[in-house]
Amino acid sequence: MATLIFTVLPYVALATFVVGHVARYRHDKLGWGTRTSEVFEKRWLMWGSPLFHFGALFVIAGHAGGLLVPPGLTRALGISDHLYHQIAVWAGAVAGTVMCVGLAILFARRFFGGHRLRIVTTPMDRVLYALLIAETVVGMWQTVAINIFGSGYEYRGTVSVWFRQVFTLSTDPALLTGAPMVYRLHVILACLIIAVWPFTRLVHVWSVPVGYLARPFVVYRRRPQRAVRAGTRMARAARRGW
Amino acid sequence: MRVMAQVAMVMNLDKCIGCHTCSVTCKQTWTNRDGVEYVWFNNVETKPGIGYPRGYEDQERWKGGWELDRKGRLRLRSGGRLKRLAQLFANPDQPVLDDYYEPVTYDYDRLHSAPAGQKAVPVARPKSAITGKDVKVEWGPNWDDDLGGGPDLVPQDPNVRAMVAADPAAADKVKASFEQTFMFHLPRICEHCLNPACVSACPSSAMYKREDDGIVLVDQDKCRGWRMCVSACPYKKVYINHVSGKAEKCTFCFPRIEAGLPTVCAETCVGRLRYIGLVLYDADKVAAAASVPDTADLLEAQRDVFCDPHDPEVIAAARQAGIAEDWIDAAQRSPIWKLISEFKVALPLHPEYRTLPMVWYVPPLSPVLDATSAGGGDDASADDVFHAITSLRIPMEYLAQVFTAGDVDAVAGSLLRLAAVRTHMRRRSLDGGQDDALLERVGLTAEQVEELYRLLAIAKMKDRYVIPPAHKERAAELSSWASGCSLDSPGGPGMGGAPTAPGGGPVPVTIGKRRLR
Ligand code: SF4
Ligand code: SF4
């Protein structure tokens, strides 16, 4: 069972992730965005959204560090395992807390913030909130209960190795079956988030408008190109149903 | 010189009766859908009044449009590019639904479904058109129509506040003057600016200005819902569709313009006060005109961006820029060019926002005329009207806040020319003579005054709307994607037989109105 989960699930998730994105981008450009609800509620969003997003960005950076950088490299850089552990745990705890607070505000806002928000909340939003909250709670449990107050767990020898194996197509499920339950749960939930990603508003992550920094202020478009593009777009629109 | 063409509009405010036909026909055409219930691409507000959304002209609060930084360089009032990206997660300047209003419908079904013999008369309660829940109707898109709520709301008008700030002594006169009900209607659409703040603020480059005719549009496929355009537009003419989470705005009815037809608001305007035509402008002058340091020079600088379509040099440059002959010809016959540059009677709305708006207004003379006769003068005598115009400080200063960034002389000049038209035509019909001193004073010839009279008073549709259709050689192609239905193209599923919706089945007659919950 565990073998099945930890060898098959990541690939199913990744396949859904890739195919889902391509399909969504080709067929539902109109739905590709942040699906902003600021016009309905702003006071809580002003707090919740920046806290969640900035927290999440740091959390993701932390994960990249923990999962991709092998212990050998940090040791070679002169960072002792103990020091690394301290930095990772405390920085992770702070970023995680910021993200948690933001997520809690956003959750309360969306589901207890009045009727207006409810009508723009889709079933996929509910799925996404459930997964994100579960994943965050499990993640904070690892950091706080196991690594701060508990005996600690050196995931860099197991989970991180498994993570890198996923990309070399040589996963060894035994690395995870030995890990504490919360770590396995964290991995499974992560796979689920990856799998639903293209079908939720998370797609806006790929639309971070960095190009804005370098372009001229006023954008002009010529009609001929548009006519051709719009023509094919119309033809496609007729098929795809919106 | 880099000549470009722009479709522009002028509205003659003296003739607006505030009937809202334009708003209603526009809404039926463009925003009669879920997600944009609260959106009016065209709205008509009463001035003085706080407008829609509430107090949108207060840029201290909303941070719309452009400003000059300390070095005199143009920058968006809401901040630079990095700041904007940092605010993607929550835009502090975005208006919320209550700044517009909560759209309302009534539970009419109750009137039918109430059981027979019920003692109490059934009541159709107001329900939110967005949530379907009971609402108290406390505000609307046009709550202060015809000075409704005057004593409370008029002092909140940002233009009144700016006027009082400029001259504290005006405060008392505001009151006295408003008790004599000075007001006019201001129909507003997107200005399709030459220096659009919305386009400049869009991080995804989804908003663009069409090179051919200058119409500003949102690419729905590229919009990601960062909503920076909503707050950056000082006229608040970009809106969020709350269902799709994307921005939508006035399209200047581009499918109609391409076919040579006027916009829906113009075509249905009861007062026949709208003019549509081309202007040629020098794209190289736009940035300089937008960054003129002294606001008093803005109007002249913005007028100066337009090119004289009769100037051979301009014509040559236009040809070189690929502007077709029929477009150059249309630009020469354009009522817009005449009203703005030749007769200098039209003024821009809030030039101080520095977006170079392309919908201009002939300021209303009627409040002045009312005041003239109220003061015992003859409203057809140029001297009495001139006297009234210059002594009537309040409406003039108010109009100056709205149309000329506070420059009272510019408003007076425009009003004087309008008054001169009345006096001249009166003289014409009484004894056939003319007052040369008067004509000299306003700097127009008798022929010009008469042409202006015809344009303002009796122009037919073909003179009010000089719109060259998009290129004929591409008409078939255009009609297949813009103004027609792609299903009707040869061999398409719409050729003969009943129309079918994209997923099969009959085409719905109304577009998905959500049922009350
Ligand atoms: S008026 Fe229209 S073109 Fe000008 S900034 Fe606003 S939305 Fe953009
Ligand atoms: S239809 Fe014409 S007259 Fe009526 S409100 Fe609109 S602009 Fe004014």
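The values are calculated or read from the model by the stated rules, or taken from the named source; none is laboratory data. Predicted, not measured: the structure shown is a model, and the values here were computed from it. Methodologically, a virtual Cβ is constructed for each residue, glycine included, from the backbone with ideal geometry; neighbour enumeration extends over all protein chains shown. When the accessible area is computed, the model is the full protein with side chains, heavy atoms only, and any ligands, DNA or RNA have been set aside. Shrake-Rupley method; radii C 1.70, N 1.55, O 1.52, S 1.80 Å.
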Taking B:GLY271 and the conditions (1) within 16 Å of ligand 2 (Cβ to nearest atom); (2) open to solvent by less than 10 Å² (accessible area, probe 1.4 Å), which numbered condition does it fall short on, given that it satisfies the others?
(2)
From the set of residues in the stretch A:30-63 that are open to solvent by less than 50 Å² (accessible area, probe 1.4 Å) and farther than 26 Å from A:ARG118 by Cβ, which is nearest to the other protein chains (Cβ to nearest Cβ)?
A:VAL59
Yes/no for B:LYS236 being closer than 16 Å to B:THR25 by Cα, among the charged types (D, E, K, R) and within 9 Å of ligand 1 (Cβ to nearest atom):
no
For the stretch B:198-249, enumerate the residues that are within 8 Å of chain A (Cβ to nearest Cβ) and assigned to a strand (DSSP E or B).
B:MET207, B:TYR208, B:LYS209, B:ARG210, B:ILE240, B:LYS246
Can you tell me how many residues in the stretch B:236-281 are closer than 22 Å to B:VAL362 by Cα and among the acidic types (Asp, Glu)?
1
Quick one: in the stretch A:99-118, of everything that is within 13 Å of chain B (Cβ to nearest Cβ) and among the basic types (Lys, Arg), which residue is most open to solvent (accessible area, probe 1.4 Å)?
A:ARG118
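Let me confirm something: among B:ALA317, B:ALA301, which residue is surrounded by fewer than 21 Cβ atoms within 10 Å (Cβ to Cβ), without any contact (Cβ under 8 Å) to a residue 40 or more places away in the chain, away from ligand 1 (no atom under 16 Å from the Cβ) and part of a helix (DSSP H, G or I)?
Numbers: B:ALA317 fails: without any contact (Cβ under 8 Å) to a residue 40 or more places away in the chain.
Going through B:ALA317, B:ALA301 in turn, the sole match is B:ALA301.
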Among the residues of the stretch B:368-396, write down those that are open to solvent by 40 Å² or more (accessible area, probe 1.4 Å) and in a helix (DSSP H, G or I).
B:ASP370, B:SER373, B:ALA374, B:ASP383, B:ASP384, B:HIS387, B:THR390, B:SER391, B:ARG393
Is it true that some residue in the stretch B:172-187 is within 14 Å of another protein chain (Cβ to nearest Cβ) and either at positive phi or not acidic (Asp, Glu) (or both)?
no
Is at least one residue of the stretch B:227-236 open to solvent by 10 Å² or more (accessible area, probe 1.4 Å) and of a type in the set (Val, Ile, Thr)?
no
If you take the residues in the stretch B:345-366 that are assigned to a helix (DSSP H, G or I) and away from ligand 2 (no atom under 16 Å from the Cβ), which one is nearest to the other protein chains (Cβ to nearest Cβ)?
B:TYR353
Going through the stretch B:200-213 one residue at a time, which ones are in contact (Cβ under 8 Å) with a residue 12 or more places away in the chain and closer than 20 Å to B:VAL3 by Cβ?
B:LYS209, B:ARG210, B:GLU211, B:ASP212, B:ASP213
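For the stretch B:9-123, please list each of the helices (runs of 4 or more DSSP H) lying entirely inside it that holds at least 3 residues being within 16 Å of ligand 2 (Cβ to nearest atom), outside the structural domain of B:ILE340 (by TED's automatic domain parsing) and open to solvent by 10 Å² or more (accessible area, probe 1.4 Å).
B:21-30
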Please determine whether any residue of the stretch A:146-158 is under 19 Å from the mean Cα position of the chain (by Cα) and open to solvent by less than 40 Å² (accessible area, probe 1.4 Å).
no
Is it true that B:VAL292 is more than 30 Å from B:ILE17 (Cβ to Cβ) and within 11 Å of ligand 1 (Cβ to nearest atom)?
no
